[in-house]
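The values are calculated or read from the model by the stated rules, or taken from the named source; none is laboratory data. None of the values given here were measured: they were computed from a predicted structure. Backbone-built Cβ (ideal geometry, glycine too); neighbour counts: all protein chains shown. The area values use the complete protein model at the heavy-atom level, side chains included, leaving out ligands, DNA and RNA. Shrake-Rupley method; radii C 1.70, N 1.55, O 1.52, S 1.80 Å.
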Amino acid sequence: MPTTQTDPTTATAPAAEGLAACRFCAAPLRHTFVDLGMSPLCESYVPAERVNAMEPFYPLHAKVCESCLLVQLEAFVSADHIFTEYLYFSSYSDSWVEHARLYVDMAIERFGLGPDSLVMEVASNDGYLLRHVVERGIPALGIEPAANVAKVAQELGIETLVRFFGRDTARDLVAEGKRADLIAANNVMAHVPDLNDFVAGFEILLADDGVVTIEVPHLLRLVEDNQFDTIYHEHFQYFSCLTAQRVLAHHGLELFDVEELKSHGGSLRLYAQRESTGTRPVGQRVDDLIERERELGFDTLEAHLAFTAQVEETKWSLLEFLIAKRREGKRIAGYGAPGKGNTLLNYCGIRTDLLAYTVDRNPYKQGQFLPGTHIPILHPDVLAEDRPDYILILPWNLKEEIVAQLDYARAWGARFVVPIPRVEVL
Ligand SMILES: [Zn+2]
């Protein structure tokens with residue numbers, strides 16, 4: 001690590017010059033990765049009775065640390081808000097449960113886990129993953145701060161501690177004689193506001209030869225696939241393999257393997273062990289990916305600073321498309337009301353003059369309005385009645401599935417449009 005930076009474990013004073021400080025190394029954050037402007041929380045759908053009420057907007061301004069290169073957002077939303085009333089039950093997603101099952105099978109075989117092992121999961125949700133561990137007769141412990149989802153896991157017979165994870169939780173478990181042979185941390189490390197406390201907990205809790213696996217969205221995929229709409233307020237940090245390795249190493253954890261996964265638009269699965277006692281050799285995949293990231297410039301500030309121009313170009317070309325079609329008298333509707341669509345529409349300043357409405361299959365969202373833009377969310381049957389000329393697919397990651405579902409719209413000549421990675425008429 002650069003010698004100029006402050007020790008993250010001791011830095012408590014605010015950074016110089018009144019700037020926000022890097023969450024990892026406490027250097028002042030002076031450089032913009034991308035500034036998406038002021039935006040409401042992307043899942044705060046507006047019910048009809050509140051459509052004239054004020055809405056809170058917060059900066060959606062991702063910065064990159066000049067010292068450690070961690071891309072991050074200042075936390076305007078508390079972890080309590082994100083985690084303690086969590087409404088997302090992982091088991092509702094079949095593909096996610098299957099992803100977890102394959103992971104458990106792999107880990108049991110690769111790390112030789114058995115009835116004498118202990119597997120823990122941080123942010124264990126409703127037990128979607130640990131239930132596969134328990135089924136295999138291996139002791140498991142979930143750690144989950146949202147009491148309502150933890151209760152579902154407990155009812156399935158999965159021991160679950162209702163608590164945030166960090167140093168204190170790890171120390172208390174070790175004091176009870178519990179150390180983990182495997183810790184799984186899937187899609188949680190991007191969401192923790194106190195990154196150092198969180199990662200330090202792994203080193204404390206791991207058995208001497210234990211393994212922690214961490215899944216996080218990969219910054220390289222975000223940049224290469226132009227997925228700026230996946231930046232949202234609850235997602236505090238964005239990792240390259242380089243920055244993840246740096247953060248882990250600072251806390252005594254050695255990255256010994258890495259996989260690139262397709263989930264969430266492209267994620268990393270990081271495998272780490274205690275540097276002091278772990279015995280696994282560092283695999284070739286770590287060196288290969290680090291080398292690839294270096295070739296793409298992820299070890300330089302300049303490469304990170306180039307992202308803004310790419311995002312602005314996407315905004316301008318989407319607006320040019322929508323304005324041109326509206327001038328021709330065409331009518332444009334949206335499909336889907338995902339969080340990422342709200343980031344995109346707010347950033348681009350798209351309102352009902354350009355996108356009259358969107359439709360969504362989720363009955364909870366129908367009749368509500370998109371946050372910030374107040375574009376109405378209607379039932380998908382409206383498309384067949386209204387027959388728009390263009391349908392803008394907001395969950396672009398599901399475009400094949402959606403185009404197949406909406407094949408009937410071709411009968412009246414509708415064309416499908418995706419905004420990301422670039423505006424494209426399908
Ligand atoms: Zn930093």
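Between residues in the stretch 136-148 that are modelled with pLDDT of 95 or more and residues that are aromatic (Phe, Trp, Tyr) and buried (at least 22 other Cβ atoms within 10 Å of the Cβ), which pairs lie under 7 Å by C-beta distance while being six or more apart or on different chains? The qualifying pairs are Ile143/Phe165. Per the conditions (1) within 16 Å of the ligand (Cβ to nearest atom); (2) modelled with pLDDT under 95, the sole criterion not satisfied by Pro40 is (1).
Just to verify a result, which residue in the stretch 43-81, among those that are of a type in the set (D, E, K, R), outside any loop (DSSP other than H, G, I, E, B) and open to solvent by 50 Å² or more (accessible area, probe 1.4 Å), is farthest from the ligand (Cβ to nearest atom)? Show your work before the answer.
Step one: list which residues in the stretch 43-81 are of a type in the set (D, E, K, R), which gives 43, 49-50, 55, 63, 66, 74, 80.
If we keep only those that are outside any loop (DSSP other than H, G, I, E, B) too, we end up with 49-50, 63, 80.
From the residues that got through so far, the ones that are open to solvent by 50 Å² or more (accessible area, probe 1.4 Å) too are 49-50, 80.
On the way: Glu49: 44, Arg50: 39, Asp80: 25 Å.
Checking each candidate, the answer is Glu49.
Scanning the stretch 103-132 for residues that are among the hydroxyl-bearing types (Ser, Thr, Tyr) and farther than 18 Å from Val188 by Cβ returns a single hit, Ser117. The set of residues from the stretch 344-364 being under 18 Å from Arg50 (Cβ atoms), open to solvent by 30 Å² or more (accessible area, probe 1.4 Å) and within 23 Å of the chain's Cα centre (by Cα) comprises just one member, Tyr364.
Is there a residue being touching a residue at least 24 places away in the same chain (Cβ under 8 Å) and either closer than 18 Å to Cys25 by Cα or over 19 Å from the mean Cα position of the chain (by Cα) (or both) anywhere in the stretch 215-226? No, the stretch 215-226 contains no residue that is touching a residue at least 24 places away in the same chain (Cβ under 8 Å) and either closer than 18 Å to Cys25 by Cα or over 19 Å from the mean Cα position of the chain (by Cα) (or both).
Residue by residue through the stretch 91-142, note down the ones that are assigned to a helix (DSSP H, G or I) and open to solvent by less than 10 Å² (accessible area, probe 1.4 Å). I'd like the intermediate steps shown before the answer.
Quick first cut of the stretch 91-142, residues assigned to a helix (DSSP H, G or I) only: 91-92, 94-111, 130-135.
Correct list: Ala100, Tyr103, Val104, Ala107, Leu130, Val133.
Where helices (runs of 4 or more DSSP H) fall wholly inside the stretch 311-426, the ranges with 2 or more residues that are small (Gly, Ala, Ser) are 339-348.
Annotation note: Cβ proximity below 8 Å between a residue of the stretch 27-47 that is within 28 Å of Asn362 (Cα to Cα) and a residue that is part of a loop (DSSP other than H, G, I, E, B) and among the basic types (Lys, Arg) (sequence gap 6+ or interchain) occurs for Tyr45/Lys365.
Selection over the stretch 409-420 of residues that are within 24 Å of Arg221 (Cβ to Cβ) and out of contact with any Ser or Thr (no Cβ under 8 Å at 6 or more places or on another chain) gives a count of 3.
When the stretch 240-266 is limited to residues that are modelled with pLDDT under 95 and among the small types (Gly, Ala, Ser), the one that is surrounded by the fewest Cβ atoms within 10 Å (Cβ to Cβ) turns out to be Ser263. Listed by first and then second residue, the pairs with beta-carbon distance under 7 Å, at least 6 apart or on different chains, first residue in the stretch 381-408 and in contact (Cβ under 8 Å) with a residue 60 or more places away in the chain and surrounded by fewer than 18 Cβ atoms within 10 Å (Cβ to Cβ), second charged (D, E, K, R) and in a loop (DSSP other than H, G, I, E, B), are Asp389/Lys330; Asp389/Arg331.
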